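Here is the structure we will look at, set down as structure tokens.
Each reported figure results from applying straightforward, stated rules to the coordinates on display, with no laboratory input. This structure is a prediction, so every number in the text was calculated from the model and none was measured. FYI the Cβ positions are ideal-geometry reconstructions off the backbone, even for glycines, and counts take in every protein chain you see.
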Amino acid sequence: MLSQDQNPPTGHPALPRANAPAAGEAWRKSKGSARALRYLYLLYTCFFFIDPYYRHSRAHWLWFGVFYAVFLTLYFAIPQTKGRVQQLLFVLMFVVGFVYFPYNESASGAFVYPIVMLAFVVRSTRTYIGLLAATVLGIVLETWLFHMPWWAGGYGVFFSLVLGFSNLSYSRQQQTSYMLQRANQEIEHLAQVAERERIARDLHDLLGHTLTVIAIKSELANRLLERDPQRAKQEMIDVEQTARKALAEVREAVVGYRSEGFPAEVLSARRTLQSANVSLQTDIALIELTPAVTNVLCLCLRESITNIVRHAKATTCQVRLSRNAHGLVLSVEDNGVGARACEGNGLRGMRERVEGLRGKMRITNGVEGGTHLIVELPAAQPVGDTTLPLQETHA
């Protein structure tokens with residue numbers, strides 16, 4: 001069957017196509033260079049002029065003019081149509097080619113255009129191969145029945161097979177790519193839906209019971225306000241404490257939503273440094289981190305990588321996360337131009353966040369003359385003694 005409801009991607013270097021219902025819209029919205037190529041493909045029709053030129057007959061030129069006008073009309077109309085109309089135009093293009101071919105031995109290329117465009121319209125590979133075989137058989141039979149030279153039919157057979165199978169392969173590759181893209185979009189959509197459902201459940205678990213308690217205690221305090229002011233006051237104190245606890249839980253949940261984890265931040269840093277032609281070495285211990293600690297470590301690493309890319313002029317960078325008797329130690333060192341004397345807003349913000357967790361931040365000169373950032377945070381709970389091996393990535 002011909003495709004009537006599926007819209008694979010468009011665009012092919014061999015010949016223009018009429019691949020799906022959206023083909024006409026893609027044709028109209030395409031860039032000027034793509035449209036120019038569609039006209040450039042018509043250079044193949046230069047062979048159509050050979051036979052009329054050597055016959056020196058006005059009748060032949062007249063018939064050729066009629067044929068060429070109809071051919072061009074169908075050629076430009078097919079990508080603009082869809083469904084049954086498009087199928088009818090394909091049939092007409094084949095009929096015109098078979099009718100005119102016996103009068104012009106150099107016009108066997110008229111079969112190449114429709115069979116090549118069909119590669120982007122026919123869904124079934126088996127159906128397309130059948131149409132291609134029928135076209136080739138028709139060219140051979142017409143060449144034999146009208147006692148035409150072998151090269152006349154051979155030209156059409158050769159280019160129909162070569163360009164037909166070439167465009168068939170390309171169209172199936174495009175369809176596969178299109179389906180993979182659709183599948184990835186569906187997976188992304190399902191992941192977003194699942195994430196929204198998780199957030200909704202978390203908020204319900206966090207706030208549902210708490211807000212119920214606040215409502216009940218507020219109502220009780222309102223009733224006791226005149227009869228027992230002291231108890232009403234205690235109930236309002238409980239309401240305040242419950243609200244503050246709920247606020248802290250919501251903040252912790254939000255921090256967890258915003259952060260994808262320290263390993264993800266390391267991967268992001270690796271990609272950023274690769275784009276700046278900086279090699280990265282990592283030595284990351286497997287340590288269980290609280291959301292607050294993860295947020296601060298990600299901020300420090302992100303700001304450090306930004307400074308390296310913008311100012312350090314470094315070629316290598318080392319990132320280490322380890323633990324000692326006092327807690328966690330994050331180390332970021334490069335071999336660039338060294339630390340700057342002044343501390344900007346980014347570093348100042350890092351220091352404030354680190355000190356907010358009772359940690360320390362130091363910036364010194366590195367072993368190789370670059371900058372060495374050291375962040376120390378209070379003890380965290382380790383998962384085990386395993387550490388990731390030293391890895392190096394060259395941009």
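In what sequence do GLU195, GLU333 fall when counting other Cβ within 10 Å, fewest first?
Placing the least packed residue first, the sequence is GLU195, GLU333.
When you count, for each residue, the other Cβ atoms within 10 Å and take the mean per peptide, how do 109-121, 134-146 rank with the highest first?
Top of the packing list down: 109-121, 134-146.
What do you get for Rg/Rh over region 193-310 if you use C-alpha atoms and the Kirkwood form of Rh?
1.25
Which part of region 41-56 falls in the paramagnetic zone of TRP151, meaning amide N under 12 Å from the point 7 Å along Cα-to-beta-carbon?
Output list for this probe position: 51.
Using 1/(1 + (r/R0)^6) with R0 = 41 angstrom and r between the beta carbons of THR176 and TYR39, what's the FRET efficiency to the nearest 0.05?
For THR176 and TYR39, the calculated efficiency is 0.90.
Residue by residue through region 53-66, what is 3J(HN,Hα) from phi via Karplus (6.51 cos²θ - 1.76 cosθ + 1.60, θ = phi - 60°)? Round to whole Hz and write x for glycine and proline.
Karplus values, whole Hz, x for Gly and Pro: 5, 7, 7, 6, 10, 5, 4, 5, 5, 5, 4, 5, x, 5.
Please report the projected area of region 58-103's Cα convex hull averaged over all directions, in nm².
With every direction weighted equally, the projected area is 2.9 nm².
What length, rounded to one decimal in nm, is gained on full extension from HIS60 through to LEU286, with 0.36 nm per residue of separation minus their alpha-carbon distance?
Roughly 73.0 nm would be gained on extension.
Taking amide hydrogens as modeled 1.01 Å from N in the peptide plane, which residues meet the under 5 Å criterion relative to ARG123, leaving out close sequence neighbours?
Long-range HN contacts for ARG123: SER3.
Rank the residues CYS298, CYS317 as a footprinting-exposure proxy: fewest other Cβ atoms within 10 Å of their Cβ go first.
Least to most surrounded, the residues fall as CYS298, CYS317.
Hey, with R₀ at 41 Å, roughly what FRET efficiency would ALA183 and VAL91 work out to, going by the Cβ-Cβ distance, to 0.05?
E between ALA183 and VAL91, to the nearest 0.05, is 0.75.
Express in whole angstrom the spacing between the alpha-carbon centres of region 65-136 and region 281-311.
62 Å
First measure r as the distance between the Cβ atoms of GLU195 and ALA243, then evaluate 1/(1 + (r/R0)^6) with R0 = 22 Å and state the FRET efficiency to the nearest 0.05.
About 0.25, to the nearest 0.05.
Got a sec? How would TYR155, TYR178 order by Cβ neighbour count within 10 Å, fewest to most?
TYR178, TYR155
Classify region 261-365: rounded, prolate or oblate, from the alpha-carbon gyration tensor (a ≥ b ≥ c, eigenvalue square roots; a/c under 1.5 rounded; otherwise prolate if a/b is larger than b/c)?
The shape class here is oblate.
Each residue of region 127-134 in order: what ³J(HN,Hα) in whole Hz does its phi give by Karplus 6.51 cos²θ - 1.76 cosθ + 1.60, θ = phi - 60°, with x for Gly and Pro?
Rounded to whole hertz, the list is 5, 5, 4, x, 5, 5, 5, 5.
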